[in-house]
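The values are calculated or read from the model by the stated rules, or taken from the named source; none is laboratory data. For clarity, every value in this text was computed on a predicted model and none was experimentally measured. As a convention, Cβ positions derive from the backbone with ideal geometry for all residues, glycine included, and neighbour counts pool all protein chains shown. With ligands, DNA and RNA removed, areas are computed over all heavy atoms of the protein, side chains included. Shrake-Rupley method; radii C 1.70, N 1.55, O 1.52, S 1.80 Å.
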Amino acid sequence: MLRACRTVADFLGLCGMLEYEELFRANHLETMEDLLNATEADFRRMKVKFGHRKKILELLCMMDVLYSFLQKAELISHYRAMKELGFDNVWCLLGIEEGCREKLGFTEEEMKKVMEARAKLEEAKMGELEKLPELADLSDNTDSKPILCLLFSEEKAEQLMDVGEAERGEH
């Protein structure tokens, strides 16, 4: 039901916190993307009550795995860039490696936080990891190209996508 929220007003209505609608609008939090780029410090600065801040953050984390991941790593400022790169599911986040630091735009300290958050996520998802798809399966989905480009050269990513298309009979 929360995933269906298109606006901050929808979200606040479902949370039972419509009293913050004008405050959020005044602070330029009008779209869900704006809200997903907000931090706990932003909510604190806007004087959102402690319990309401916690509830908002918990609900946002439930809605978006990338948001949850970056919130825990205290790197929410990278949300938009990582979302654009396609890091919108657990498997993508678990695929982050130290060697991706520059492509992801993280400093060494930030990358350390990312790897710590990745280790915690991996521990929490241990049972599901056994179901991790083979790398060739990534080419089954054209949305995988940004992820493949991070892991490999663009040429190699194109080759993997071509293999996936050929296996599906799309060539």
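Taking the range 58-69 as the range and being among the hydrophobic types (A, V, I, L, M, F, W, C), free of Cβ contacts under 8 Å to residues at least 40 places away in the same chain and more than 16 Å from Phe43 (Cα to Cα) as the test, the residues that pass are Val65, Leu66.
Here Glu58 does not qualify as open to solvent by 80 Å² or more (accessible area, probe 1.4 Å), within 14 Å of the chain's Cα centre (by Cα), of a type in the set (Asp, Glu) and closer than 30 Å to Gly13 by Cβ. Filtering the range 1-19 to residues that are surrounded by 12 or more Cβ atoms within 10 Å (Cβ to Cβ) and touching an Asp or Glu at 6+ places or on another chain (Cβ under 8 Å) leaves Thr7, Val8, Ala9, Leu12. The range 9-120 holds helices (runs of 4 or more DSSP H) entirely within its bounds, and those carrying 1 or more residues that are of a type in the set (A, V, I, L, M) and at pLDDT 90 or above map to 21-26. Restrict the check to the range 76-95 and report whether at least one residue is open to solvent by 20 Å² or more (accessible area, probe 1.4 Å) and farther than 26 Å from Ala124 by Cα. Within the range 76-95 (the criterion being open to solvent by 20 Å² or more (accessible area, probe 1.4 Å) and farther than 26 Å from Ala124 by Cα), the answer is no, since none of the residues qualifies.
Among the residues of the range 20-36, is there at least one that is without any contact (Cβ under 8 Å) to a residue 24 or more places away in the chain, open to solvent by 90 Å² or more (accessible area, probe 1.4 Å) and either farther than 19 Å from Arg80 by Cα or small (Gly, Ala, Ser) (or both)? Looking through the range 20-36, at least one residue is without any contact (Cβ under 8 Å) to a residue 24 or more places away in the chain, open to solvent by 90 Å² or more (accessible area, probe 1.4 Å) and either farther than 19 Å from Arg80 by Cα or small (Gly, Ala, Ser) (or both).
Taking the stated definitions as given, is Leu138 over 30 Å from Gly13 (Cα atoms), modelled with pLDDT under 75 and in contact with a Ser or Thr (Cβ under 6 Å, 6 or more places away or on another chain)? Answer is yes for this residue.
A search for C-beta distances below 7 Å between a residue of the range 71-96 that is under 15 Å from Glu116 (Cα atoms) and of a type in the set (D, E, K, R) and any residue that is open to solvent by less than 50 Å² (accessible area, probe 1.4 Å) and not in a loop (DSSP other than H, G, I, E, B), counting only pairs 6+ apart in sequence or on different chains, returns Lys72/Ala117.
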